[in-house]
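The values are calculated or read from the model by the stated rules, or taken from the named source; none is laboratory data. The shown structure was predicted, so the numbers you read here are calculated from the model rather than taken from an experiment. Glycine gets a Cβ as well: all are built from the backbone with ideal geometry, and neighbour counts include every protein chain shown. Note: areas computed on protein heavy atoms with side chains; ligands, DNA, RNA excluded. Shrake-Rupley method; radii C 1.70, N 1.55, O 1.52, S 1.80 Å.
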Amino acid sequence: MKLFKEFKEFAVKGNMMDMAIGIIIGASFNKVIDVLVKKVFLPPLSLLTDGVNFQNKRIILKDVVKDDTGSIITDEVAIGYGALGEAFLDFIIIGFTVFIVVKFMNRLRNKAQDTKDETVVTPKDIELLSHLTELMEEQNALLKAKQ
């Protein structure tokens, strides 16, 4: 029963919902990046390299062995460096996109936390902390003046 109570508290606090939303958005973002790499970036790159399909590029270590009827006896053993290159391109695009999004969000957060900036609404907690800081500075100035 205690485990159920802890799970309920975890779910109600929003941690579980935040995780679920992040996972769903991440999966969707992965699909977008996958299409962006495979359908937008790789075709022009393949055109520049005389139609080479990077996904199929591999180093064959052992050829496939077939019998007289054409059925496969042993499978091919190969290193798929083209798929690795594609995954690396995915990683670079995702990393750069996340960097740009985080940079943009930090800029908005910093602007919102600036209490002197009138163009953006400052969150109440930041506004209260700013007022407390000002009051403490005034109090310290008064105490120094009395000494």
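Some notes on this structure:
- Every condition in (1) loosely packed, with under 11 Cβ neighbours inside 10 Å; (2) part of a loop (DSSP other than H, G, I, E, B) is met by LEU142 except one, and the failing one is (2).
- Scanning segment 39-76 for residues that are hydroxyl-bearing (Ser, Thr, Tyr) and closer than 19 Å to ILE93 by Cα yields one hit, SER46.
- Qualifying positions in segment 125-139 - open to solvent by 100 Å² or more (accessible area, probe 1.4 Å) and of a type in the set (D, E, K, R): GLU137, GLU138
- Qualifying residues in segment 10-20 (those that are open to solvent by 90 Å² or more (accessible area, probe 1.4 Å) and either in a helix (DSSP H, G or I) or small (Gly, Ala, Ser) (or both)) - the one modelled with the highest pLDDT: MET19
- Identification of strands (runs of 3 or more DSSP E) wholly contained in segment 32-124 with 1 or more residues that are open to solvent by less than 50 Å² (accessible area, probe 1.4 Å) and over 30 Å from GLU134 (Cβ atoms) yields 72-74, 77-79.
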